[in-house]
Each structure stands twice: as structure tokens, then as C-alpha cells.
Amino acid sequence: QWYQRRVAITAGVRLCYDSTADNFEANKVAVVARGKEFMKQFSSALGDNKYFAGDDITGTDFWMFEAIDRFVKMEPTFIEHDNLKMFMERIRGLPELKEYFNYPESTYNWPLNNKHAVFR
């Protein structure tokens, strides 16, 4: 499943750099659909757990958060699984990260891609 996470991220990055302004939206439909297929597997892996490894947070959870969040930034309605929605809220709600997510000048609020990408 972790390899699939990398495949999903790579597809999203390629979409942003290989598309043009004219075909980005059309290409995005296929990439988002493929990403949603991966989310079914990630949802299954998460199951009823708080985090991917159980009740305790690990580095993998931050890795997965970043993968899912990249798609959410491109397509706000991307997450269709309640357990993944709750997982994302759980990460965003960590006291140590609240300021990071909410501070306007945080790197979290920077563009995902550089100036050469169609979607930044």
C-alpha cells in the first residue's frame, strides 16, 4: 500500500507539470479517479484505527496525510471515506500542529509546486 501512495503522488505531480492550461482539467479527472481508487485501499488499511499503525501516531501517518492532502488541495471533495476524513481531522487537530496549519505564512500554505507547474 505504501508503494501505491507513491504512485498516487507521482501521478498528481505529473499532472501538474505535464499538463497545459488547456488540458489540465481534463487530465485531472483521470488522475483524481485513480487517486480515489488508492483511497479505497488506504481506507481499508486504516479501518477503525485512529492512525495507520493503530492508536499511536507514527511517521507513516504524516506521510499519508501529505499524500491525501495533496489531492484535497486539487479537488476539495476528494475524500469519500469517513475514516479518512476523521484521520485528516485528527492530524489537523494535533495541538502541536494547529498553529502550523492555521498560520497564514506557514509553509503548509505555500504552493505545492513551483512556478513551472500548471497547478501550484
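For the reader, a short list of remarks on this structure follows.
- Within the range 46-68, tally of residues that are closer than 11 Å to residue 81 by Cβ, part of a helix (DSSP H, G or I) and over 13 Å from the mean Cα position of the chain (by Cα): 1
- Applying the condition of being charged (D, E, K, R) and under 30 Å from residue 26 (Cβ atoms) to the range 41-76 and asking which residue is least open to solvent (accessible area, probe 1.4 Å) yields 69.
- Test: residue in the range 78-85 that is out of contact with any helix residue (DSSP H, G or I) (no Cβ under 7 Å at 6 or more places or on another chain), surrounded by 12 or more Cβ atoms within 10 Å (Cβ to Cβ) and at pLDDT below 90: no
- Test: residue in the range 55-64 that is in contact with a helix residue (DSSP H, G or I) (Cβ under 6 Å, 6 or more places away or on another chain) and not polar (S, T, N, Q): no
- First in the range 4-31 and polar (S, T, N, Q), second anywhere and open to solvent by less than 50 Å² (accessible area, probe 1.4 Å) and at pLDDT below 80, Cβ under 6 Å, 6 or more apart: 27/15; 27/19
- Taken over the range 37-85, the criterion of being touching a residue at least 24 places away in the same chain (Cβ under 8 Å) and basic (Lys, Arg) is satisfied by 40, 50, 70, 73.
- Residues satisfying the stated conditions in the range 8-43, i.e. within 14 Å of residue 66 (Cα to Cα) and polar (S, T, N, Q): 10
- No other residue among 32, 13, 7 is in contact with a Phe, Trp or Tyr (Cβ under 8 Å, 6 or more places away or on another chain), at pLDDT below 85 and not basic (Lys, Arg) apart from 7.
- Residues that are open to solvent by less than 30 Å² (accessible area, probe 1.4 Å) and either closer than 21 Å to residue 42 by Cα or aliphatic (A, V, I, L, M) (or both), drawn from the range 8-23: 8, 9, 11, 12, 15
- Scanning the range 86-103 for residues that are within 15 Å of residue 43 (Cα to Cα) and either open to solvent by 30 Å² or more (accessible area, probe 1.4 Å) or not in a helix (DSSP H, G or I) (or both) returns 86, 89, 90.
The values are calculated or read from the model by the stated rules, or taken from the named source; none is laboratory data. Keep in mind that this is a model prediction, so the values were computed, not measured. Cβ: placed from backbone, ideal geometry, glycine included. Neighbour counts: every protein chain shown. With ligands, DNA and RNA removed, areas are computed over all heavy atoms of the protein, side chains included. Shrake-Rupley method; radii C 1.70, N 1.55, O 1.52, S 1.80 Å.
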